[in-house]
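FYI, it's all coordinate maths here, none of it is from the lab. The shown structure was predicted, so the numbers you read here are calculated from the model rather than taken from an experiment. Note that each Cβ is placed from the backbone with ideal geometry, even for glycine, and that neighbours are counted across all protein chains shown.
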Amino acid sequence: MSTSAAIFDLQGVCYRYPDGPRGLHDCSLRLARGRRHALLGANGAGKTTLLQHLNGLLRPSAGQVLFDGAPLDASRAGLRALRQHVGLVFQNPEHQLFSAQVFEDVSFGPLNLGLDEATVRERVRAALADVGLSEQALAPVHQLSFGQKKRVCLAGVLAMQPQVLLLDEPMAGLDAPMQQALTDLLDGLVARGVTVLLSTHDIDFAYAWADHLHLMQAGRCTASLPATGLPDQAGVWRRLGQPLPRVLELHQALQRQGLLPETDPPRSHEALLGLLRPLAPPEIETP
Ligand SMILES: Nc1ncnc2c1ncn2[C@@H]1O[C@H](COP(=O)(O)OP(=O)(O)OP(=O)(O)O)[C@@H](O)[C@H]1O
Ligand SMILES: [Mg+2]
């Protein structure tokens with residue numbers, strides 16, 4: 001494996017769907033290895049189309065996608081090898097699930113890798129535990145809720161132990177505890193060197209979680225920046241028509257009012273509350 005900083009490098013990628021609309025238009029984007037990446041953008045901006053280029057489901061009509069420094073190999077064997085390393089969790093679980101039973105669905109990928117049965121069972125067990133579905137291992141897929149189906153899809157990809165995990169709007173439709181559990185799970189994977197790219201419409205979450213923010217607009221990546229760089233780029237971000245994270249707006253407003261001393265901008269509400277706490281008036285002691 002190369003040690004270049006970018007695990008993916010898209011260079012001027014164009015893609016038009018067979019029935020007309022333009023999915024990507026001269027899209028360039030680099031993904032730093034082993035980091036958390038958030039892909040932002042309005043409906044129809046090209047997030048799903050981009051993710052599907054990264055695991056070879058779609059192929060550019062112009063430009064190229066480099067994985068680990070080399071152009072994607074679109075042969076059958078090349079795609080098979082790529083998908084061992086790059087896992088994609090679809091936006092809509094109905095498009096990903098195809099087995100009748102949860103365990104069977106999650107074991108499909110690892111079985112296809114040719115792993116022995118004991119290893120597959122262990123990987124599936126661990127993946128179902130990671131997504132909180134151990135109890136549902138033998139359940140029929142059609143009896144699961146939307147959020148549970150999304151978790152089965154995620155388990156199926158986790159069981160492949162990919163180097164790069166692509167998730168298309170993974171938080172949408174998950175309850176709050178499961179969103180937190182997923183965030184913790186992704187952080188654990190990043191700590192082990194996995195690169196994570198997820199699409200989201202939630203700038204507050206993206207700003208708090210991601211190392212890098214990438215903005216898609218009309219099929220192009222119009223901004224790529226470290227999340228910590230957003231406060232300095234606030235003007236550019238607004239001119240691109242994007243809302244700022246609420247925690248940043250609140251922090252700026254408090255500083256303008258002189259209610260907060262100069263501090264580095266917090267990334268989350270918890271961090272902002274941490275800045276405010278020492279400023280609260282001392283509790284009045286009652287006799
Ligand atoms: N299967 C398809 N067939 C034809 N056109 C498509 C198809 N999927 C997407 N498109 C078009 O490609 C463009 C980009 O769509 P894409 O699904 O990548 O956007 P997105 O950013 O993922 O949006 P969303 O936030 O709604 O998921 C849109 O103009 C869309 O109409
Ligand atoms: Mg999409």
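Residues D26, D105, arranged from fewest to most other Cβ atoms within 10 angstrom of their Cβ, appear as D26, D105.
Calculate how many DSSP beta bridges within the range 112-250 are antiparallel, expressed in % of all such bridges and rounded to the nearest 5. If we restrict to bridges inside the range 112-250, about 55 percent are antiparallel.
Using Cα-Cα distances under 8 Å and only pairs 6 or more residues apart, what relative contact order does the range 28-106 have, in percent?
Averaging sequence separation for qualifying contacts and normalising by length gives 19 percent for the range 28-106.
Quick check on the chain: take the gyration tensor over C-alpha atoms, sort the square-rooted eigenvalues as a ≥ b ≥ c, and tell me if it's rounded (a/c under 1.5), prolate or oblate.
Because a/c hits 1.5 or more and a/b fails to exceed b/c, the chain counts as oblate.
Between L275 and H201, the FRET efficiency from the beta-carbon distance, with R0 = 25 Å, is close to 0.40. Using the Karplus relation 6.51 cos²θ - 1.76 cosθ + 1.60 with θ = phi - 60°, the per-residue 3J(HN,Hα) values for the range 149-158 come to 5, 4, 5, 4, 4, 4, 4, x, 6, 4 Hz, with x marking Gly and Pro. Within the range 46-60, find all residues whose amide N lies under 12 Å from a label point positioned 7 Å from the Cα of H95 along Cα-to-beta-carbon. 46-53, 57-58, by backbone N distance to the label point. Whole-Hz Karplus values for the range 70-77 come out as 10, x, 4, 8, 8, 5, 3, 5 Hz, taken residue by residue from phi with 6.51 cos²θ - 1.76 cosθ + 1.60 and θ = phi - 60°; glycine and proline positions read x. Can you give the relative contact order of the range 6-244 as a percent, counting alpha carbon pairs under 8 Å and 6+ residues apart? Computed value for the range 6-244: 28 percent relative contact order.
Full extension of the segment from T183 to L57, taken as 0.36 nm per residue of separation minus the current Cα-Cα distance, would add 42.8 nm.
Cβ crowding within 10 Å, taken as a proxy for footprinting-reagent exposure, orders R33, R239 from fewest neighbours to most as R239, R33. Taking label positions 7 Å along the Cα-Cβ direction at both R76 and A126, the computed distance is 3.1 nm, reported to one decimal. For the range 11-105, the alpha-carbon radius of gyration amounts to 1.17 times the rule-of-thumb value 2.2 N^0.38 Å expected for a compact globular protein. Let me know the longest stretch in the chain that avoids all GluC sites (Glu not before Pro) found in a DSSP loop with at most 11 other C-beta atoms within 10 Å. Counting at most 11 other Cβ atoms within 10 Å as exposed, the longest clean stretch of the chain is 1-261.
Please go through the range 21-128 and write out the chymotrypsin sites (Phe, Trp or Tyr not before Pro) that DSSP classes as loop and that have at most 16 other C-beta atoms within 10 Å. In loop regions of the range 21-128 (DSSP not H, G, I, E or B), the sparsely surrounded chymotrypsin sites (Phe, Trp or Tyr not before Pro) are F98. For the range 55-69, backbone phi angles converted through the Karplus equation (6.51, -1.76, 1.60; θ = phi - 60°) give residue-by-residue couplings of 10, x, 5, 10, 10, x, 8, 8, x, 8, 10, 9, 10, 6, x Hz, Gly and Pro being listed as x. So for the chain: antiparallel DSSP bridges make up what percent, rounded to the nearest 5? Bridges in the chain that DSSP calls antiparallel: roughly 55 percent.
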